[in-house]
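Have a look at the structure below, then the notes.
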Amino acid sequence: MATPSTVFTELVTTTDRKWGQKVTDNVSKHNALLRRMKDKGNIKTVSGGYEIAEQLAYAENATYQRYSGYEGLNTSASDVLTSVKYPFQQVALHVTASGRELRMNSGEQQMISLVKERKANALRTAANQFSIDVYSDGALTNQINGLANLIQTPGTGTVGGIDSSTWTFWKNKFKEMTGTNTAASPSAANAASMKADMNALWLSLNRGTDKPDIIVMTHDFYALYELGEQQLQRYMDADRAQSGFGGLKYKTADVIFDDNTNFGTTAEKAYFVNTDYLYLVQHREAQWTMDDQKKPVNQDAVVIPMYWMGNMVCTNRSLQGILFDAA
């Protein structure tokens, strides 16, 4: 018997042939950190591999030598490179419709409306859920490494297969705020104390021209920082402001806040991120890529899957930092 499922499938897959790119764009525009990484070209595509491997320099070349005349030179080999490795994680998202819905919406206009609503819902879901993952500690099954995993409050942790308790070059910087429950007690004095703590952490994260370019704060931190900045009115440019959830500046870095179920209003954290060393790596065949329709054997329905595969990776933790209020 004829079924409208083919019409639904054709509308989903052909009305927007660059659907995967549209989802990717929506995800990055929904999250200011991802938007910054995209602007820098730090959303990368790979063709395969058992895991995501990135080269990093963990030491300086030991043959640097000041010498005079015929003095012997140091030509010893210098072991300066290692690899950091991250697992591929996967995400699936499905555009679905039951046989009942398809038959009730079999008219052309009704079918177009149904497809439009389902695709819009998929866009929102991908953007909201992936934003949660971006700030996560990666603790959920098959979850990507978020900022809470890459930048940790004690500065240590095993990240990318390297134990930073053993290899201290791999520690991120961290600083606990001065005082007790500072962020939860907004006042001019606490705002000034917060600025002093931010200054101290900032200095530890500067290496020549390398410095944080974006600071992601929870609501309480952002409110306290804004309290101290209201007289100065230091806001980022309009283009940056519209890509995030706030628009303040700290030195040369943009200051934003974000809010989702994993990075809530009272987490009391501020991530000082140098996005030159932060990448979102995705597989070229799973970039929110749409697959052929599936028809479940035990359901009267049509399912159209989309797949994403990759991870968020860091190649220099020592230039990343976190300011937090422990109590």
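Some observations on this one:
- Number of residues in region 89-115 that are among the small types (Gly, Ala, Ser) and within 30 Å of Gly310 (Cα to Cα) equals 2.
- Close pairs (7 angstrom Cβ cut-off, 6 or more residues apart or separate chains): under 19 Å from Glu10 (Cβ atoms) and touching a residue at least 24 places away in the same chain (Cβ under 8 Å) in region 85-100, open to solvent by 30 Å² or more (accessible area, probe 1.4 Å) and acidic (Asp, Glu) anywhere: Ser98/Asp300; Gly99/Asp300
- Picking from residues in region 162-185 that are assigned to a loop (DSSP other than H, G, I, E, B), in contact (Cβ under 8 Å) with a residue 24 or more places away in the chain and open to solvent by less than 70 Å² (accessible area, probe 1.4 Å), the one that is nearest to Leu205 (Cα to Cα) is Asn172.
- Residue count, region 291-315 (criterion: touching a helix residue (DSSP H, G or I) at 6+ places or on another chain (Cβ under 6 Å) and crowded, with 20+ Cβ neighbours inside 10 Å): 3
- Test: residue in region 84-103 that is within 27 Å of Leu224 (Cβ to Cβ), aromatic (Phe, Trp, Tyr) and within 16 Å of the chain's Cα centre (by Cα): no
- Residue within region 103-110 that is of a type in the set (A, V, I, L, M) and surrounded by 15 or more Cβ atoms within 10 Å (Cβ to Cβ) present: no
- Search result, residues across region 194-223 that are β-branched (Val, Ile, Thr), without any contact (Cβ under 8 Å) to a residue 60 or more places away in the chain and surrounded by 14 or more Cβ atoms within 10 Å (Cβ to Cβ): Ile215, Thr218
- Test: residue in region 217-238 that is closer than 30 Å to Gln55 by Cα, modelled with pLDDT under 90 and not hydrophobic (A, V, I, L, M, F, W, C): no
- Any hit, region 258-276, residues being open to solvent by 50 Å² or more (accessible area, probe 1.4 Å), under 15 Å from the mean Cα position of the chain (by Cα), hydrophobic (A, V, I, L, M, F, W, C) and modelled with pLDDT under 85: no
- Of all the residues in region 138-160, those that are open to solvent by 30 Å² or more (accessible area, probe 1.4 Å) and part of a strand (DSSP E or B) number 1.
The values are calculated or read from the model by the stated rules, or taken from the named source; none is laboratory data. Just so we're clear, the structure is a prediction, and the values are computed from it rather than from any experiment. Quick reminder, even Gly has a Cβ in these numbers, built from the backbone with ideal geometry, and neighbours come from all protein chains shown. Heavy atoms of the whole protein, side chains included, go into the accessibility calculation; ligands, DNA and RNA do not. Shrake-Rupley method; radii C 1.70, N 1.55, O 1.52, S 1.80 Å.
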